[in-house]
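The values are calculated or read from the model by the stated rules, or taken from the named source; none is laboratory data. Treat the numbers as computed from the prediction; the structure is a model and nothing was measured. All Cβ positions, glycine included, derive from the backbone under ideal geometry; neighbour counts span all protein chains shown. Just the protein is used for accessible areas: all its heavy atoms, side chains included, with ligands, DNA and RNA removed. Shrake-Rupley method; radii C 1.70, N 1.55, O 1.52, S 1.80 Å.
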Amino acid sequence: MTARPAGVPETGLPGITVPEITVPEITVIVPVHDTARWLPDALASLDAQECRDRVEVVIVDDGSTDGSGEIAEAYARTRPSVRLVRQENAGLGAARNRGVGLASGRYLAFLDSDDLYADGGLDALLRAAVRYDADVVIGDMRGMPPRSSPAWRRELVVGERVVGSVAEAPDIVGNPSACNKIFRRELVAATGARFSEGTAFEDVLFTLPLLLGARRTVLTDRLCYRYRTRDDGSSIMDSPGRSDRIMQHLAVVERLVGGLSDQPPAVHRAVVRWAGCMQLHYTRRAASALGDEELAGFAYRMSILLKEIAPEVVAEFVTGLGGGLRTVGAYRGDPELIRKPVSSAALRVLSGRVYLDVPELDRFGDLLMVRPLSAVVSRIGAAGEGALIRVDGHVNAPGLLAVPGEVRHDLLLELGDTVLRRRIRITRAKPGRFAWSCDIAGDDLPPGDSVLRLIARDRFGSETAIPLAVAENATASVTLSVAADRGTVFRRLGTAMRKRARLG
């Protein structure tokens with residue numbers, strides 16, 4: 001790179017001289033906006049890298065008002081190979097794009113001005129790039145304070161390796177951040193990759209096209225980058241539940257998925273799998289954050305987007321019926337089901353698993369599985385003055401809606417091994433939980449010990465047992481012990497007698 005004389009306008013700072021260096025190995029782009037509290041530490045972490053003398057630093061002051069610009073200016077005056085430009089506030093994506101346009105290094109890296117490079121982190125990324133002649137290198141990144149370990153880290157823990165396609169390491173798609181990576185600048189130019197401007201989630205449309213276009217990507221488990229969760233809540237990523245953020249994320253994912261038509265099937269699946277996973281999170285946020293009109297528009301756009309993603313792909317990320325119903329609502333474009341993911345449908349039993357018996361079960365499969373599903377006995381005793389035993393309990397099944405007073409044809413109380421079965425009646429209900437009761441004539445009770453079970457039985461006769469425990473101990477079974485004369489009934493928990501009731 002040829003040195004420019006002092007006062008050249010490109011720096012935005014008349015009187016600052018840009019020292020002459022050879023073509024740098026890497027350009028680190030540092031966008032700055034009102035981060036005076038953290039910027040000195042960010043720059044110090046860069047200066048601490050062994051490769052610093054081969055680094056070009058491009059700082060883009062994006063309209064700071066808190067003194068960040070003065071800190072950046074002082075750094076540019078006293079450190080080698082620094083370019084500093086100032087612009088009106090245009091957002092993180094625009095600042096990064098400006099930096100990319102000024103870069104001259106063989107590789108590009110991105111350091112946010114409130115984050116840090118780990119000790120030797122940038123060194124490790126650059127060494128791996130040179131060693132393998134890589135287009136992209138991905139290192140580990142950790143939060144400050146620490147956060148839970150994301151799924152994409154599974155691709156790194158196996159140690160340093162080279163992949164030729166994201167299909168060989170599909171979980172790396174789940175880490176679209178540009179900051180724990182370096183990119184060959186020629187690849188960036190060839191793909192035309194740019195950060196989104198005027199929107200959050202600006203990394204996605206820059207990073208993922210580069211991962212798809214790379215002929216050689218290196219993965220390393222080396223901790224390279226530390227990102228900060230600000231204690232003042234001012235970070236862009238600290239407000240993902242805002243309605244504008246929800247719609248911005250949807251727009252970014254729509255653009256990403258819309259550009260996958262020429263990708264091989266395995267690569268296509270890796271990207272839409274990530275897109276589906278992320279959009280499930282934002283669909284849940286949309287249910288509470290968006291007004292009715294906004295949610296209707298969101299639901300319609302989700303139904304179009306999900307035409308590219310098979311239900312079995314996103315089912316991997318759904319852990320309960322409530323989430324499954326919300327996802328079905330997104331596939332249908334149904335804002336009401338997204339808002340209130342509940343159903344009063346009957347049950348269906350397939351291969352020992354319990355599902356909702358709805359016409360679209362074949363299409364949505366495990367999205368309609370009733371899980372978690374458990375039942376509890378809360379009381380066993382004499383009912384009224386007659387020779388009746390009443391069993392009371394409740395069922396927990398998030399997403400399942402029952403109607404008080406109804407007799408369920410798909411839920412049966414069983415004593416012993418099909419010795420006696422009775423339908424249960426719903427006494428109280430709210431979404432995801434309902435209380436039930438079942439009366440059994442004393443004369444019908446078999447003498448001796450009988451284990452109680454709750455049976456799900458569908459309209460085709462398929463059935464399975466639902467775990468039935470007692471409120472005092474959710475792991476123990478419930479046993480009725482009936483005296484030979486049927487005049488006394490004992491309820492036992494495990495081997496201990498707990499209650500006794502007289503009949504008649």
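Every residue in the stretch 348-378 that is aliphatic (A, V, I, L, M) and either modelled with pLDDT of 95 or more or open to solvent by less than 10 Å² (accessible area, probe 1.4 Å) (or both), please. Let's see the steps before the verdict.
Within the stretch 348-378, the subset aliphatic (A, V, I, L, M) is 349-350, 354, 356, 358, 361, 367-370, 373, 375-377.
VAL349, LEU350, VAL354, LEU356, VAL358, LEU361, LEU367, LEU368, MET369, VAL370, ALA375, VAL377, listed by residue number.
Can you go through VAL57, VAL137 and tell me which one is outside any loop (DSSP other than H, G, I, E, B) and more than 27 Å from ALA169 (Cβ to Cβ)?
The conditions single out VAL57.
Yes/no per residue for (1) open to solvent by 30 Å² or more (accessible area, probe 1.4 Å); (2) not small (Gly, Ala, Ser):
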position: ILE380; (1), (2): no, yes
position: VAL403; (1), (2): yes, yes
position: ASP410; (1), (2): no, yes
position: GLU414; (1), (2): no, yes
position: ARG423; (1), (2): yes, yes
position: ILE426; (1), (2): no, yes
position: LYS430; (1), (2): yes, yes
position: ALA435; (1), (2): no, no
position: CYS438; (1), (2): no, yes
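Are any of the residues in the stretch 2-22 at pLDDT 95 or above, in contact with a helix residue (DSSP H, G or I) (Cβ under 7 Å, 6 or more places away or on another chain), surrounded by 17 or more Cβ atoms within 10 Å (Cβ to Cβ) and under 24 Å from ASN89 (Cα atoms)?
Of the residues in the stretch 2-22, the ones at pLDDT 95 or above are none.
No, that holds for no residue.
Determine which member of the set VAL370, VAL407, VAL395 is over 38 Å from the mean Cα position of the chain (by Cα) and not small (Gly, Ala, Ser).
Details: VAL370 fails: over 38 Å from the mean Cα position of the chain (by Cα); VAL395 fails: over 38 Å from the mean Cα position of the chain (by Cα).
Of VAL370, VAL407, VAL395, the one residue that is over 38 Å from the mean Cα position of the chain (by Cα) and not small (Gly, Ala, Ser) is VAL407.
List every residue pair whose Cβ atoms sit under 8 Å apart, with the two residues 6 or more apart in sequence or on different chains, where the first one lies in the stretch 115-131 and is touching a residue at least 60 places away in the same chain (Cβ under 8 Å) and the second, anywhere, is open to solvent by 10 Å² or more (accessible area, probe 1.4 Å) and assigned to a helix (DSSP H, G or I).
From the stretch 115-131, the pairs are LEU116/ASP41; LEU116/SER45; TYR117/SER45; ALA118/SER45; GLY120/GLU50; ASP123/GLU50; LEU126/ARG54.
Can you tell me which residues in the stretch 273-313 are of a type in the set (A, V, I, L, M, F, W, C) and under 20 Å from SER343 (Cα atoms)?
Of all residues in the stretch 273-313, those of a type in the set (A, V, I, L, M, F, W, C) come to 274-275, 277-278, 280, 286-287, 289-290, 295-296, 298-299, 302, 304-306, 309-310, 313.
Within the stretch 273-313, LEU280, ALA286, ALA287, LEU295, ALA296, ALA299 qualify.
Take the residues of the stretch 465-484 that are buried (at least 17 other Cβ atoms within 10 Å of the Cβ) and under 17 Å from ARG423 (Cβ atoms): which is modelled with the lowest pLDDT?
Keep residues of the stretch 465-484 that are buried (at least 17 other Cβ atoms within 10 Å of the Cβ), which gives 466, 468-470, 478-480, 482.
Subset that is under 17 Å from ARG423 (Cβ atoms): 466, 468.
Numbers: ILE466: 90, LEU468: 84.
So, considering only residues that are buried (at least 17 other Cβ atoms within 10 Å of the Cβ) and under 17 Å from ARG423 (Cβ atoms), the one modelled with the lowest pLDDT is LEU468.
When residues of the stretch 73-113 are filtered for being in a helix (DSSP H, G or I) and in contact (Cβ under 8 Å) with a residue 12 or more places away in the chain, how many remain? Quick ask: steps written out before the conclusion?
We begin by selecting, within the stretch 73-113, every residue in a helix (DSSP H, G or I); these are 73-78, 92-102.
Filter again for in contact (Cβ under 8 Å) with a residue 12 or more places away in the chain, leaving 73, 75-77, 92-100, 102.
Residues that pass the stated criteria total 14.
Check whether at least one residue in the stretch 315-331 is closer than 30 Å to ALA270 by Cα, hydroxyl-bearing (Ser, Thr, Tyr) and open to solvent by less than 50 Å² (accessible area, probe 1.4 Å), and report yes or no.
Applying the first criterion (closer than 30 Å to ALA270 by Cα) to the stretch 315-331 yields 315-331.
This time we only want the ones that are hydroxyl-bearing (Ser, Thr, Tyr), so: 319, 327, 331.
Now drop any that are not open to solvent by less than 50 Å² (accessible area, probe 1.4 Å), which leaves 327, 331.
The answer is yes; a qualifying residue exists.
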